[in-house]
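Enquirer: Pasting a structure here, questions to come.
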Amino acid sequence: MRNTNIEQVEPGQVLGKTIFSSNGTILLSAGVQLTVYMINTLKRIGATMVYIKDPSFEDVDIPEVLSDETKRLVLRKMTESMDAIRSGKNFDTRAVSVSVESILEDVVRSKEMLLQLSDIRTKDNHLYVHSMNVCLIATMIGMNMGLNQIQLKELSIGAMLHDIGKVERITDDESDDPKRHHTWRGFELLKQKQELNLLIAHVALQHHEQPDGQGFPRKLVGDQIHLYAQIVAVANMYDNLLFDVMKTKQLLPHEACERMMAMSGTVLDREVLVQFMRTVSIYPTGSSVRLSTRETGVVVGQHRGLPGRPIVRVVQPDANNEMIVKEIDMAKETTVFVETVLA
C-alpha cells in the first residue's frame, strides 16, 4: 500500500484504505476498484491523497492507532453533538465521554506505535476528523508527559471539543471583539456543562494562546496558559498544517515538524513539542521518498525513538530489466538520508 496524490490515481487501481463520511458511514471501502466516476467524486469532495494497493508493497500495512470501529463511533457522536448545537439544543456530553474512552483504550493498546494520520479528508468530514485527530495527538502527548488517567480523560475531552465554538453561526474570527472568536464561544458553551471540569472549557478558550503573549483571545503568557491548552495547541497546529482544507499549500509531516520546531518557545510550548516529536512519524509508512543514494522507494517500516530513520523499500530494474527489491534500514545505514518526499 502506498500514499498517492489524487491527481496521479488511475482508473482500475484498488483503494487501500476505507474513506468515511462525516457521520462515520463508509463512502468507499478498502479493496474497491476505482472508476473514473469515483476518482472525480473524490476530487469534487476535496480529497487530495488516497492510499492505493500496489503489488510491490502488498505486505505493507499502514499502522493505525485508532481502530475503524473507534473512528466510526467518534465521527457519529461528534456529528450528533454538532448537529444538536446547530439546532439550538443541548449536546450529550456522555456521548463525547464514550468516544474519548474508546480513543484512550486504543492509545494505551498502541502506545509503542508512532503517530501517523492517514484518514482521507473531505470538505464534508474535515471538522470531525480534525477534532478526532487533535484528540488522538493530544492524548498521546499527554501519555508521554505522564498525565494520570483522570488528567488524560480531561485533556482528551477538551481536545475533542476544542473547536466546538466554530459550530455557532454567530462566531466571527475576523471580528475585533474577542467574544465573537470561536475560542470564546466554545468556552461559553462548555462552561455551562456542570458535568464537565471547567478546565475543559479553558482548553477551548486557550488553545490559540501563545507562550510569547501574541496569541488570542486574551494574550496570555507562558504559565498563564494551562498545560492542557498548550498540548492541544501543538496537536491542533500539526493537524492544521497537514490537512487544513482552506489552505492552498498543505505541508508534508516532515515539513510540518520543521515549521513547528521553529515556533518552539514562542508560538508553541517547548517541552510539549519535545514530547510531540517523540510520538510522530516524520516519514509515514506508505510515503514515496528519494534517498541521498538517488534511489526512489516507499517507506515500509518505522523505528520507535528514531522517527527520522525509517525502513525504505526500493524496487528497480536490473540490467536484464528484472525487478530487484531491496530494503534500506536507515537506522543501520547511517550515511543514507531522505532527500525528498515525493508523496
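Enquirer: Evaluate region 321-329: report whether one residue or more is closer than 23 Å to LYS111 by Cα, surrounded by 11 or more Cβ atoms within 10 Å (Cβ to Cβ), at pLDDT 95 or above and touching a Pro at 6+ places or on another chain (Cβ under 9 Å).
Expert: The answer is yes; a qualifying residue exists.
Enquirer: What is the one condition in (1) touching a Ser or Thr at 6+ places or on another chain (Cβ under 9 Å); (2) of a type in the set (Ser, Thr, Tyr); (3) within 22 Å of MET113 (Cα to Cα) that THR335 does not satisfy?
Expert: Every condition holds for THR335 apart from (3).
Enquirer: Given the conditions (1) at pLDDT 95 or above; (2) not assigned by TED's automatic domain parsing to the domain that holds LYS123, which single one is not true for ILE200?
Expert: Checking ILE200 against (1) at pLDDT 95 or above; (2) not assigned by TED's automatic domain parsing to the domain that holds LYS123, the one that fails is (2).
Enquirer: Right, something else. Can you find, within region 117-127, the residue that is modelled with the highest pLDDT among those that are outside any helix (DSSP H, G or I) and out of contact with any Ser or Thr (no Cβ under 6 Å at 6 or more places or on another chain)?
Expert: Of everything passing the filter in region 117-127, LEU117 is modelled with the highest pLDDT.
Enquirer: Quick check on SER67: is it surrounded by 12 or more Cβ atoms within 10 Å (Cβ to Cβ) and among the polar types (S, T, N, Q)?
Expert: Yes: the conditions hold for SER67.
Enquirer: Test VAL108 against the stated conditions and say whether it is closer than 18 Å to CYS135 by Cα and surrounded by 14 or more Cβ atoms within 10 Å (Cβ to Cβ).
Expert: It is false that VAL108 is closer than 18 Å to CYS135 by Cα and surrounded by 14 or more Cβ atoms within 10 Å (Cβ to Cβ).
Enquirer: Please go through region 173-211 and pick out each residue that is within 25 Å of the chain's Cα centre (by Cα), assigned to a loop (DSSP other than H, G, I, E, B) and without any contact (Cβ under 8 Å) to a residue 40 or more places away in the chain.
Expert: ASP173, HIS181, HIS208, GLU209
The values are calculated or read from the model by the stated rules, or taken from the named source; none is laboratory data. Predicted, not measured: the structure shown is a model, and the values here were computed from it. As a convention, Cβ positions derive from the backbone with ideal geometry for all residues, glycine included, and neighbour counts pool all protein chains shown.
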